[in-house]
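Readers should treat all values here as calculations from the given coordinates under stated rules, not as data from a laboratory. Only a predicted model underlies this, so the values are computations on that prediction, with no experimental measurement involved. Quick reminder, even Gly has a Cβ in these numbers, built from the backbone with ideal geometry, and neighbours come from all protein chains shown.
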Amino acid sequence: MTAAPRTPAAGALAPASDWSAARIAEAAAGIVAGDELPPIVQAGHPVLRTAAVAFDGQLDPELLDALILVMRRTMHTAPGVGLAAPQIGLPLRLAVLEDTWAADEGIAAARGRSPLPFVAMLNPAYVPIGPERPGFFEGCLSVRGYTAVVRRPERVEARWTAPDGSGRASEFTGWQARIVQHETDHLGGTLYLDKAEPRSLCSNEEYTARWAQPTPERAARALGF
């Protein structure tokens, strides 16, 4: 790879968050101190449409670890396979990812889905590898009740900073690559709907009743996308 990692171009259209380091630290401390898990904000909340602030030490290690733990618990409870800090109202470039849910073998094979061990990413960025851009139905914890087909690069190279401050890089493929892209996009103010096939949008109920096949080919023929 010769190109440097970047965030998706769509994210560049979002205005940058104006939150100060002090405000971020105060908000994170409030989230961690709460008696209940933080609510997941929904589409229409402005925090989802701003470019999050890069992490550069706004949180001390203890607070950062506590925030990551809360985010992981929130993700599991939802349930989901990824959660970005803006989704709990905090415009910070931090995301947690983990996919260990049991999946039908046929569906997993068609979608290239394999277990993704837990990872917390600070300041993640990715670049596509290769031309393949498969489309699959995708949902979001911040867009409750709906799903739509998104065509994404099959393989990406991602770089990020680990909570201990070390730099990390890895190549992701299949569903893992989709999760990395979805959560990184959140940090640039981009929702999956921005990249979706508009005619594929359907309620979760309609998806379950009609289109819950391993691939969206049948839905594409019927819905015209």
Q.
For a quick check of your reading of the filter: which chymotrypsin sites (Phe, Trp or Tyr not before Pro) in the stretch 101-204 sit in a DSSP loop and have no more than 16 other Cβ atoms within 10 Å?
A. W101
Q) For the stretch 8-67, which GluC sites (Glu not before Pro) are in a loop by DSSP, counting at most 15 other Cβ atoms within 10 Å? A) E36
Q | Backbone HN-Hα couplings from phi across the stretch 137-153 [Karplus 6.51/-1.76/1.60, Hz, Gly and Pro as x] | A | 5, 9, x, 8, 5, 9, 10, 4, x, 9, 8, 7, 7, 10, 8, 10, x
Q: Along each of the three principal axes of the Cα atoms of the stretch 29-83, give the extent in whole Å, ordering the values from largest to smallest.
A: 30, 26, 21
Q | Contact order relative to length of the stretch 34-103, as percent, for alpha carbon pairs under 8 angstrom and 6 or more apart | A | 40 percent
Q) Rounded if a/c is under 1.5, else prolate if a/b is larger than b/c, else oblate: which is the stretch 2-111, with a ≥ b ≥ c the root eigenvalues of its Cα gyration tensor? A) oblate
Q) Taking the Cα centre of the chain as the origin and placing charges on Cβ (Lys, Arg +1; Asp, Glu -1), which of G112, A28, L94 is farthest toward the positive end of the dipole? A) G112
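Within 10 Å of each candidate Cβ there may be at most 16 other Cβ atoms; applying that plus a DSSP loop requirement, which GluC sites (Glu not before Pro) in the stretch 94-155 survive? Display every interim value, and only then the final one.
Values: sites: E98, E105, E132, E138, E154; in loops: E132, E154.
For GluC sites (Glu not before Pro) across the stretch 94-155 that sit outside H, G, I, E and B with at most 16 neighbouring Cβ atoms in 10 Å, the list reads E132.
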Q) Which cross-chain or sequence-distant (5 or more) residues have an amide H under 5 Å from the amide H of G82, H modelled 1.01 Å from N in plane? A) E98
Q. Highest GNM mean-square fluctuation, the chain, Cα pairs closer than 10 Å: which of G112, G34, G139?
A. G34
Q. Which whole number in µm²/s is D for the chain by Stokes-Einstein, with the Kirkwood Rh taken over Cα pairs at 4 °C and 1.567 mPa s?
A. 72 µm²/s
Q.
Given bins 5 angstrom wide, list per bin the percent of all Cα-Cα distances in the stretch 90-169, short to long.
A. 3, 11, 15, 22, 26, 15, 6, 1
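Do me a favour and compute the ellipsoid semi-axes for the stretch 123-225 from its Cα gyration tensor, root of five times each eigenvalue, largest one first, whole Å.
Working: eigenvalues 156, 45, 22 Å².
After scaling each eigenvalue by five and taking roots: 28, 15, 11 Å.
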